[in-house]
Amino acid sequence: MTSPPHGGTLVDRILRGDEREAARERARNLPALDLAERQAREVENLAMGVYSPLTGFMTRTDFESVLAAGRLAGGTPWTIPIVLDVSEEDLKRLGDHQDAALEFDGRPLAILRLEEEYRYDRQEMARRVFGTDDAAHPGVAFTSAMRPALVAGSVDLIEPAPTPFPRHRLSPRDTRAQFDCRGWKTVVGFQTRNIPHVGHEALQKAALNLVDGLFINPLVGGKKAGDFEDPVIVAAYEALLAHYYPEDRAVLGVLQGQMRYAGPREAIFHAIQRKNFGCTHFIVGRDHAGVGNFYPPYAAQEIFQDYPDLGIAPLFFPAFFRCRRCGGLANEKICPHGGADRIDFSGTRLRDALLKGDGIDEMIRPEVMESIRAAAGGAFRS
């Protein structure tokens, strides 16, 4: 059996059969909110149970509790606000209606059962979530551009939006069924927004030595310029798993959503999501979900001390690197040699090596490199 979902109940607000058709028809007569893709993916994650125990967008009480304490109002650990921002025109259109249609790409996506609308301080939200209000932080810049009001309420999903990765879109019910079918009692989750280098592989396999199975769960969707393109990431992991992992020990599934780059708070959020997918353990590496120099290297590991009740076991690892003197992969816990002997696998160094074609063979498996070369449209977001 996989681990219990966060909060004890796996949320499922996906409409089916007659209920779906009735909601689709009803949506035509409701005031509509037109969603950006990032908002549409939030709706899907709410309805599919990725954000259990949340059933919808946060009320003011939960929102303020998350900002102040990193917990929902009832005390359940939760560190990232899940909110739906709207414009003044949207509020006027909603008026006194109790429900609204949520539309994406010209089609009804879900029904929002309105509970509350409220104002919020975007600068205060940024300071609490990211630990800074510096506009150079991509999460702060994004928050500053959000619309001025929030609406709260549960969602009922009519039909998920199309995905570029249908084979790898797995709901928490899907992953739990797969894990149970394979007989896995312990599963470690791995969050990534990058292509896999040999340091990642070493880290994942070190964790896999401790558990029954590995769930590789790359985030696809909203990321900053300079990050790897989603098709490149997925193709790279397909190549890695095909050639370097036992078929019965690893599952690849995408998480459709948005990177916040919130460092420690996002590390807890990432762990919660993988708990809902059925993971019992979660890998937390150096500078998890960090960006630039906004967070100390191991802040994302230290924050887990504040959440002994999280319900998923973090596995802490230092960064792996290749040491020329040791003659292989190492990390700072087992290697005494200095920077001159090390080849670090940082995202910046990996991007530079890919662009220059210099030293890449020491960082990436050849099959992974072939998958990157085959990708159309370039490897990086502009």
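The values are calculated or read from the model by the stated rules, or taken from the named source; none is laboratory data. These numbers were taken from a predicted model, which means no experiment stands behind them. Using ideal geometry, Cβ is built from the backbone for each residue, glycine included, and neighbour counts are taken over all protein chains shown.
Which one of these does residue 376 not meet: (1) loosely packed, with under 14 Cβ neighbours inside 10 Å; (2) more than 20 Å from residue 203 (Cα to Cα); (3) modelled with pLDDT of 85 or more?
The failed condition is (3).
Here are some residues: 308, 336, 314. Which one is within 21 Å of the chain's Cα centre (by Cα), assigned by TED's automatic domain parsing to the domain that holds residue 216 and either over 19 Å from residue 226 (Cα atoms) or crowded, with 18+ Cβ neighbours inside 10 Å (or both)?
On the way: 308 fails: within 21 Å of the chain's Cα centre (by Cα); 336 fails: within 21 Å of the chain's Cα centre (by Cα).
Checking each option against the conditions leaves just 314.
I need a count of the residues in region 1-51 that are aliphatic (A, V, I, L, M) and over 24 Å from residue 97 (Cα atoms). Full working, then the answer.
Of region 1-51, the ones aliphatic (A, V, I, L, M) are 1, 10-11, 14-15, 22-23, 27, 30, 32-33, 35-36, 40, 43, 46-48, 50.
If we keep only those that are over 24 Å from residue 97 (Cα atoms) as well, we get 1, 10-11, 48, 50.
Adding up the residues that qualify gives 5.
Quickly run through region 12-51 and pick out the residues that are out of contact with any strand residue (DSSP E or B) (no Cβ under 9 Å at 6 or more places or on another chain) and among the β-branched types (Val, Ile, Thr).
none
Inside region 179-204, can you point out the residues that are more than 20 Å from the chain's Cα centre (by Cα) and surrounded by fewer than 21 Cβ atoms within 10 Å (Cβ to Cβ)?
Once the filter is applied, which keeps residues that are more than 20 Å from the chain's Cα centre (by Cα) and surrounded by fewer than 21 Cβ atoms within 10 Å (Cβ to Cβ), region 179-204 yields 180, 181, 182, 183, 185, 186, 202.
If I filter region 293-302 for residues that are assigned to a helix (DSSP H, G or I), at pLDDT 90 or above and buried (at least 22 other Cβ atoms within 10 Å of the Cβ), do I get at least one hit?
Start the filter on region 293-302 by keeping residues that are assigned to a helix (DSSP H, G or I), which leaves 299-302.
Right, trim to at pLDDT 90 or above and you get 299-302.
Next, from what is left, pick out any that are buried (at least 22 other Cβ atoms within 10 Å of the Cβ): 300.
Yes, that holds for at least one residue.
Quick check on this structure: which one of 325, 265 is closer than 27 Å to residue 138 by Cβ and basic (Lys, Arg)? Working first, answer last.
Values: 325 fails: closer than 27 Å to residue 138 by Cβ.
Answer to the selection: 265.
So if I check each of 221, 139, 153, 199, which one is under 30 Å from residue 110 (Cβ atoms), in a helix (DSSP H, G or I) and touching a Lys or Arg at 6+ places or on another chain (Cβ under 9 Å)? Break it down stepwise before answering.
On the way: 221 fails: in a helix (DSSP H, G or I); 153 fails: in a helix (DSSP H, G or I); 199 fails: under 30 Å from residue 110 (Cβ atoms).
Criteria check complete, one pass: 139.
Given (1) under 27 Å from residue 70 (Cβ atoms); (2) aromatic (Phe, Trp, Tyr); (3) out of contact with any Phe, Trp or Tyr (no Cβ under 8 Å at 6 or more places or on another chain), identify the lone condition not met by residue 190.
(3)
For region 59-78, give me each residue that is part of a loop (DSSP other than H, G, I, E, B) and either over 20 Å from residue 256 (Cβ atoms) or touching a Ser or Thr at 6+ places or on another chain (Cβ under 7 Å) (or both).
Of all residues in region 59-78, those part of a loop (DSSP other than H, G, I, E, B) come to 59, 70, 72-76, 78.
Of everything in region 59-78, those that are part of a loop (DSSP other than H, G, I, E, B) and either over 20 Å from residue 256 (Cβ atoms) or touching a Ser or Thr at 6+ places or on another chain (Cβ under 7 Å) (or both) turn out to be 59, 70, 72, 73, 74, 75, 76.
Which numbered condition in (1) surrounded by fewer than 20 Cβ atoms within 10 Å (Cβ to Cβ); (2) touching a helix residue (DSSP H, G or I) at 6+ places or on another chain (Cβ under 7 Å); (3) not hydroxyl-bearing (Ser, Thr, Tyr) is the only one that residue 362 fails?
(2)
Could you tell me which numbered condition residue 321 fails, if it satisfies all but one of (1) over 17 Å from the mean Cα position of the chain (by Cα); (2) part of a strand (DSSP E or B); (3) under 30 Å from residue 68 (Cα atoms)?
For residue 321, the exception is condition (3).
Residues checked against (1) touching a Leu at 6+ places or on another chain (Cβ under 9 Å); (2) of a type in the set (Phe, Trp, Tyr); (3) over 19 Å from residue 345 (Cα atoms):
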position: 202; (1), (2), (3): yes, no, no
position: 205; (1), (2), (3): yes, no, no
position: 208; (1), (2), (3): yes, no, yes
position: 243; (1), (2), (3): no, no, yes
position: 254; (1), (2), (3): yes, no, yes
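Looking at region 152-160, is at least one residue among the hydroxyl-bearing types (Ser, Thr, Tyr) and buried (at least 16 other Cβ atoms within 10 Å of the Cβ)?
Among the residues of region 152-160, at least one is among the hydroxyl-bearing types (Ser, Thr, Tyr) and buried (at least 16 other Cβ atoms within 10 Å of the Cβ), which makes the answer yes.
Go through (1) within 16 Å of residue 23 (Cα to Cα); (2) outside the structural domain of residue 44 (by TED's automatic domain parsing) for residue 109 and report which single condition fails.
It is condition (2) that residue 109 fails.
Let me confirm something: among 289, 250, which residue is within 28 Å of residue 12 (Cβ to Cβ) and surrounded by fewer than 23 Cβ atoms within 10 Å (Cβ to Cβ)? So that I can check it myself, show each step before the final result.
Details: 289 fails: surrounded by fewer than 23 Cβ atoms within 10 Å (Cβ to Cβ).
Selected residue: 250, the only one of 289, 250 that is within 28 Å of residue 12 (Cβ to Cβ) and surrounded by fewer than 23 Cβ atoms within 10 Å (Cβ to Cβ).
Determine whether residue 174 is outside any loop (DSSP other than H, G, I, E, B), closer than 27 Å to residue 21 by Cβ, over 20 Å from the mean Cα position of the chain (by Cα) and of a type in the set (Asp, Glu). Before the answer, list the steps.
Working: outside any loop (DSSP other than H, G, I, E, B): yes; closer than 27 Å to residue 21 by Cβ: yes; over 20 Å from the mean Cα position of the chain (by Cα): no; of a type in the set (Asp, Glu): yes.
For residue 174, the condition - outside any loop (DSSP other than H, G, I, E, B), closer than 27 Å to residue 21 by Cβ, over 20 Å from the mean Cα position of the chain (by Cα) and of a type in the set (Asp, Glu) - is not met.
For (1) in the same structural domain as residue 314 (by TED's automatic domain parsing); (2) at pLDDT 95 or above; (3) within 30 Å of residue 143 (Cα to Cα), each residue gets a yes or a no:
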{"residue": "180", "(1), (2), (3)": "yes, yes, no"}
{"residue": "184", "(1), (2), (3)": "yes, yes, no"}
{"residue": "187", "(1), (2), (3)": "yes, yes, no"}
{"residue": "193", "(1), (2), (3)": "yes, no, yes"}
{"residue": "208", "(1), (2), (3)": "yes, yes, no"}
{"residue": "216", "(1), (2), (3)": "yes, yes, yes"}
{"residue": "225", "(1), (2), (3)": "yes, no, yes"}
{"residue": "229", "(1), (2), (3)": "yes, no, yes"}
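Residues in region 253-273 that are among the small types (Gly, Ala, Ser) and surrounded by fewer than 24 Cβ atoms within 10 Å (Cβ to Cβ): how many? Break it down stepwise before answering.
Going residue by residue through region 253-273, those that are among the small types (Gly, Ala, Ser) are 253, 257, 262-263, 267, 271.
Keeping just the survivors that are surrounded by fewer than 24 Cβ atoms within 10 Å (Cβ to Cβ) gives 253, 257.
Qualifying residue count for the region: 2.
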